[in-house]
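The block underneath contains the structure these notes are about, expressed in structure tokens.
The values are calculated or read from the model by the stated rules, or taken from the named source; none is laboratory data. In this text, all values refer to a predicted model and were calculated from it rather than measured experimentally. When we count neighbours, we look across all protein chains shown, and the Cβ atoms used for this are built from the backbone with ideal geometry, even at glycine.
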Amino acid sequence: MSTTYDRRDFFKTAGATLALLLSERRLVESSAVEAVVVATPTPTHKDIVLACLNAGKHVYCEAPLAGSVGDARAIAEAAARFPKQVLQAGLQGRANALYRHVSRFVKSGVLGEVALVNAQWSKKESWRRAAPTPERERELNWRLADGSPGLMGEIGIHQIDLVAQYLGAYPNALTGFGSLVAWRDDRSVPDTAVCLMDVGRTRVNYRATLASSFGNAYTVFQGSNFLQSIRTNTPPNCNEDLGVRVQTVVSMAEAAYRNKALVRFDEKNRKLLT
Amino acid sequence: MSTDLLASPVRLALDAMGTRFELVLGSGEAVRLRAAGEEALAEILRLDHQLSTYRSSSEVSWINVRASQTPVVVEAGLFGLLECCQALSRATEGAFDITVGPLLRAWGFVNGTGRLPSDDARRAAGANVGWKHLELDPDRRTVRFGKPGMRIDFGAIGKGYAIDAAIEILRSHDIRSALVHGGTSSIHAIGAPDDSDAWHTPR
């Protein structure tokens, strides 16, 4: 007896018709499509999002918005040219109702002044996807290749954005280290990363690793009166400006890792200073 | 047993469904085997989150809360499992029955080690049990309970279903040698390990 099913059946039940459009060009050209969810490899986001916006479609784009701050800004500028279309950056802390609920609690001031944020994401897994052919495997494993936003871009961005959302501020300065500890196959992206951030008077300590699951994932806000801990096991409204701003933090982390140095953010000129 | 993450055989484990799932992938390139194994374990975890009656956020918990009042639309895979369970109930004339939820509670098997219920409690629970009161509508893909206190529980089939789903993922990646078990009571194997003609399980 089979319990398998075709996922396309789901859409039939939901009353929707489903067509397989096997290229983004056909998707963009289709007049029947009103909105697009972009869940492609990060470095490809910009071209696809711009094409969709230019074709008059609403866009929900997975985080990170793009592979670089320049690309993210290009997306934000395009979105500003089409004010009637919605562009949303898929940051979990902005979309998840639980996070938004806790946000009200934190912003009530009950914690006092937030002194420390301790956040981590720990999961022992290879981050590699299996595929039927070597070519397909290379395509699927873009997260492990040069140009990947790495742990800070693909995972850390959600927790850093949560910190920014709750504290109402972004890091002025940041330093960090990355290392390849457990998964020394042919990848170039670190499997372990640490970041120290200066957010107003709050000091933020973030770390992510694929080498150990110990402690799982959490974000702890230690205030002078109280602390608030948010634990997450599973992944779950953000405008384009927020999407760009948090992208800057990822770029700062990348610059800190590459230059082995402290990176500051020049708020006035919106530039990284190393 | 190798502790090298990049050597085969690849061994992976997961705590889910109140037990420990383990997976051994025999022959091939370790990096590729592990990627397939991690996908298989992720599917088991997804099913745990969907089927568990211990998680108030699971789809099955939602069904148990709602289906007495109104038909509930269920995910396609879960609907297939419900149909499969109904067919098993029919074939076994009710010996297998996922609607035993109320009796499991009365006998203290939920979050406990069991207790003797009073005659009244047993009768009351029993009145809300019976696979024939589980109404499935394949066209709308809905489930509805014919009795107000009904509850479904996949405790008897969930682990095996999860293992089948994991095996299906491994096969889709052309894995020729694998063994998956959940708490050693449910086991599914493909092929044989590199150094033997068969998988050997403890007697």
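For the stretch B:97-203, list the helices (runs of 4 or more DSSP H) that sit wholly inside it and hold at least 3 residues that are within 14 Å of chain A (Cβ to nearest Cβ) and touching a helix residue (DSSP H, G or I) at 6+ places or on another chain (Cβ under 6 Å); which are they?
Ranges flagged: B:158-172.
Since A:Asp146 meets every condition but one in (1) closer than 30 Å to A:Ala80 by Cβ; (2) surrounded by fewer than 18 Cβ atoms within 10 Å (Cβ to Cβ), which condition does it not meet?
(1)
If B:Asp153 satisfies all but one of (1) more than 26 Å from B:Phe96 (Cβ to Cβ); (2) crowded, with 21+ Cβ neighbours inside 10 Å, what's the number of the condition it fails?
The number of the failed condition is (1).
State whether the residues of the stretch A:200-223 include one that is away from every other protein chain (no Cβ under 14 Å), over 16 Å from A:Ala256 (Cα atoms) and crowded, with 22+ Cβ neighbours inside 10 Å.
yes
Exactly one condition in (1) within 30 Å of B:Ala40 (Cβ to Cβ); (2) surrounded by 21 or more Cβ atoms within 10 Å (Cβ to Cβ); (3) at pLDDT 90 or above is false for A:Pro171; which is it?
Result: A:Pro171 passes all but (1).
Farther than 20 Å from B:Pro9 by Cβ, out of contact with any Cys (no Cβ under 8 Å at 6 or more places or on another chain) and not polar (S, T, N, Q): is that true of B:Gly182 in this structure?
Judged against the criteria, B:Gly182 is not a match.
Is there any pair linking a residue in the stretch A:120-139 that is at the interface with chain B (Cβ under 9 Å from one of its Cβ atoms) to one that is in a helix (DSSP H, G or I) and among the polar types (S, T, N, Q), with Cβ under 9 Å and at least six apart or on different chains, and which?
A:Ala130/B:Ser172; A:Pro132/B:Ser172
Considering only helices (runs of 4 or more DSSP H) fully contained in the stretch B:1-94, which possess at least 3 residues that are aromatic (Phe, Trp, Tyr) and at the interface with chain A (Cβ under 9 Å from one of its Cβ atoms)?
Once the helices (runs of 4 or more DSSP H) in the stretch B:1-94 are filtered for at least 3 residues that are aromatic (Phe, Trp, Tyr) and at the interface with chain A (Cβ under 9 Å from one of its Cβ atoms), nothing remains.
Which pairs do you get when a residue that is hydroxyl-bearing (Ser, Thr, Tyr), found in the stretch B:93-118, comes within reach of a residue that is part of a loop (DSSP other than H, G, I, E, B), reach meaning Cβ atoms under 7 angstrom, with the pair 6+ apart or on two chains?
As it stands, the answer is B:Thr99/B:Val129; B:Thr99/B:Gly130; B:Thr99/B:Met150; B:Thr99/B:Ile152, since those pairs meet every condition given.
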